[in-house]
1. With the structure loaded, tell me whether VAL149 is at pLDDT 95 or above and crowded, with 18+ Cβ neighbours inside 10 Å or whether it fails that test.
2. Being crowded, with 16+ Cβ neighbours inside 10 Å and touching a Leu at 6+ places or on another chain (Cβ under 6 Å) is the filter; apply it to the range 1-46 and report the residue that is farthest from ALA144 (Cα to Cα).
3. Please specify each residue of the range 128-141 satisfying the condition of being touching a helix residue (DSSP H, G or I) at 6+ places or on another chain (Cβ under 7 Å) and part of a strand (DSSP E or B).
4. So, of the residues in the range 127-145 that are touching a Gly at 6+ places or on another chain (Cβ under 9 Å) and among the charged types (D, E, K, R), which turns out to be farthest from VAL85 (Cα to Cα)?
5. Out of (1) surrounded by fewer than 14 Cβ atoms within 10 Å (Cβ to Cβ); (2) of a type outside the set (Phe, Trp, Tyr); (3) touching a residue at least 24 places away in the same chain (Cβ under 8 Å); (4) outside any loop (DSSP other than H, G, I, E, B), the odd one out for LYS181 is which?
6. In the range 61-102, which residues are farther than 15 Å from LEU160 by Cα, in a loop (DSSP other than H, G, I, E, B), out of contact with any helix residue (DSSP H, G or I) (no Cβ under 6 Å at 6 or more places or on another chain) and not charged (D, E, K, R)?
7. ALA106: touching a His at 6+ places or on another chain (Cβ under 9 Å) and in a strand (DSSP E or B), yes or no?
Amino acid sequence: MFKILTVKDEIRVPPTKFDLELSEAVKASLQEQIEGKINPDIGVFLAVTEVLTVGEGNIIPEDGAIYYPVEYKMLAYMPEINEMVLGEVVDITEFGAFTRVGPLDALIHVSQIMDDKIAYDAKNAVFTGKKTGYKLKEGDIVRARIVGVSLGKGRSKISLTMRQPLLGAVDWLEREKKRKKKEK
């Protein structure tokens, strides 16, 4: 889930930014130091959207920078259990499909792709359902549900499933919708 958060923190502004206006220097320092970082409790810091307040700076001996207490707004993404997401399949391996969900990649394990026996074509990197004929390949847009989240230092793991009603590759869902419409 994407969130806009208000954060109070202290930011180091290096001497190379002293020629900028204070709010610009603080925002540039925040962008360099936190954007793209992952915090297990907050998620992925995507963008600093606004600097609200900047307090009086402190100088620490033997460090040419100034440390400012700041309050700012930022955009963050935190995947949540049971959240339904849209993502793009970015890689297919024999054990599953890696799917880009927001700023992170998640795994749909082969056992969670569909309620059908699956054949894996290593040469073309495609999963095919034996009864349905549905194919899952790189570039497909899928609707899935998050079933596991582990954000941490170095490695983040997000597990997805498509083995529930109304989940799967978008083209499968469209075909199923047309098929049901014809039956009526």
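1. Details: at pLDDT 95 or above: no; crowded, with 18+ Cβ neighbours inside 10 Å: yes.
Taking the combined requirement at face value, the residue does not satisfy it.
2. The extreme case among them is ILE11.
3. ILE141
4. Once the filter is applied, the top-ranked residue is LYS135.
5. (3)
6. Within the range 61-102, PRO61, ALA65 meet the criteria.
7. Here the answer is no, as ALA106 does not meet what is asked.
The values are calculated or read from the model by the stated rules, or taken from the named source; none is laboratory data. What you are looking at is a predicted structure, and each value in this text was computed from that prediction instead of being measured. No Cβ is skipped: glycine too gets one built from the backbone with ideal geometry, and neighbour counts run over all protein chains shown.
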